[in-house]
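A quick write-up on the structure given underneath.
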Amino acid sequence: MSLDLDARQRAMLAEMGVRVWQRPAVEAPMPAVAAPPTPRTASAPRPHARPTAVPASSAVTSAPAALGPAPTQTPSLSSPASPPQWVPADGSPLGWAALSQAVLECQACGLCAGRKAAVWGATPDQPQADWLLVGEPPDELEEREGQSFAGAAGQLLDNMLKAVGANRGGTGRLGAYVTNIVKCRPATPRNPESNELAVCQAYLRQEIALVKPKLILAMGRFAAQSLLQASVPDVAGIPLGKLRGQVHHFQDIPVIVSYHPTYLLRTPADKAKAWADLCLAMATLESSQKPDS
């Protein structure tokens, strides 16, 4: 699959120092985005409250430690968790309206305590999209705006998608559906627990069944570990950097591991590696769409 960029888009990428994708993977600078404002000190825990509304979007991160390639705390993903009661016994997908209601009313794990709103990718009648991007747990800005990959991280993500000819909300090969690995922001900054990741994976499976992506881009440590726990032995102990550069699978869908945009804003030297990940994703999509010889 080649990039269908017009002259203006190519000129924009050239000004940002980004080489447009061709068959070989290229490590070139990612589009630049201004650094986000200095993070505020985490606020005190809020009292428990019931969820209010379901914004139409997805996720980024819970705490800075959750994004770096060398975490100080490694979560265990071995603990089994019972799926939410709404999961159809035959595995058939719910519609978007029913799935949204299930997310809104979810009380399956402790993340629901104190949340203001669930944050994920659903929109009414979401079309099929070839790209599915899975981010980290939502942060305060995402929860407040009701949108995943918000702020400067969202701007960087949008530039990354433009560089490969895709966009949020598009359809088919140009479409990208974005969501997060868990749907609720913890009341106080912390890493998600294994049972919380397992419960929210049931929602992700429903999203995949509805979107029917051709490729998944796992952006961040928790997204990668949750998606690969069934296929990569001891994945919880493998640094994110060592999961990159290869094609994994989740439900027979190719999975490419990359850095989260928030991490890239803090560590711009790794933008070239993220661009190489996008090139690998493009090559994987192209290969999957070729007829068998």
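In table form, for the structure just shown:
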quantity: Extreme residue, surrounded by the fewest Cβ atoms within 10 Å (Cβ to Cβ), among residues of the range 172-185 that are of a type in the set (D, E, K, R) and not in a strand (DSSP E or B); calculated: Arg185
quantity: Test for Asp125: is it at pLDDT 75 or above and within 30 Å of Met282 (Cα to Cα); calculated: no
quantity: Only one of Val178, Val164, Val211, Val199 that is over 15 Å from the mean Cα position of the chain (by Cα) and at pLDDT 90 or above; calculated: Val164
quantity: Of all residues making up the range 205-226, the number that are among the aliphatic types (A, V, I, L, M), touching a helix residue (DSSP H, G or I) at 6+ places or on another chain (Cβ under 8 Å) and under 19 Å from Val257 (Cα atoms); calculated: 6
quantity: Residue in the range 232-242 that is closer than 22 Å to Leu94 by Cβ, touching a residue at least 40 places away in the same chain (Cβ under 8 Å) and either of a type outside the set (Val, Ile, Thr) or buried (at least 19 other Cβ atoms within 10 Å of the Cβ) (or both) present; calculated: no
quantity: First in the range 203-231 and without any contact (Cβ under 8 Å) to a residue 24 or more places away in the chain, second anywhere and aromatic (Phe, Trp, Tyr), Cβ under 9 Å, 6 or more apart; calculated: Ala230/Phe250; Ser231/Phe250
quantity: Residues (on the phi < 0 side of the Ramachandran plot, at pLDDT below 70 and either buried (at least 17 other Cβ atoms within 10 Å of the Cβ) or not hydroxyl-bearing (Ser, Thr, Tyr) (or both)) located in the range 77-108; calculated: Leu77, Pro80, Ala81, Pro83, Pro84, Gln85, Trp86, Val87, Pro88, Ala89, Asp90
quantity: First in the range 130-144 and surrounded by fewer than 22 Cβ atoms within 10 Å (Cβ to Cβ), second anywhere and at pLDDT below 95 and among the hydroxyl-bearing types (Ser, Thr, Tyr), Cβ under 9 Å, 6 or more apart; calculated: Glu140/Ser43
quantity: Which numbered condition Gly169 misses (of (1) at pLDDT below 90; (2) more than 24 Å from Leu285 (Cα to Cα)); calculated: (2)
quantity: Residues satisfying the stated conditions in the range 240-260, i.e. out of contact with any helix residue (DSSP H, G or I) (no Cβ under 8 Å at 6 or more places or on another chain), in a strand (DSSP E or B) and closer than 17 Å to Trp275 by Cβ; calculated: none
quantity: Single match in Thr262, Thr267 (criterion: out of contact with any Pro (no Cβ under 7 Å at 6 or more places or on another chain), surrounded by fewer than 20 Cβ atoms within 10 Å (Cβ to Cβ), among the β-branched types (Val, Ile, Thr) and within 25 Å of Asp139 (Cβ to Cβ)); calculated: Thr267
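So that you can scan it fast, the table gives a plain yes or no per residue for (1) part of a loop (DSSP other than H, G, I, E, B); (2) hydrophobic (A, V, I, L, M, F, W, C); (3) on the phi < 0 side of the Ramachandran plot:
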{"residue": "Pro138", "(1), (2), (3)": "yes, no, yes"}
{"residue": "Ser148", "(1), (2), (3)": "yes, no, yes"}
{"residue": "Ala187", "(1), (2), (3)": "yes, yes, yes"}
{"residue": "Leu197", "(1), (2), (3)": "no, yes, yes"}
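The values are calculated or read from the model by the stated rules, or taken from the named source; none is laboratory data. Treat the numbers as computed from the prediction; the structure is a model and nothing was measured. For neighbour counting, all protein chains shown are included, and Cβ atoms are generated from backbone atoms with ideal geometry for every residue, glycine included.
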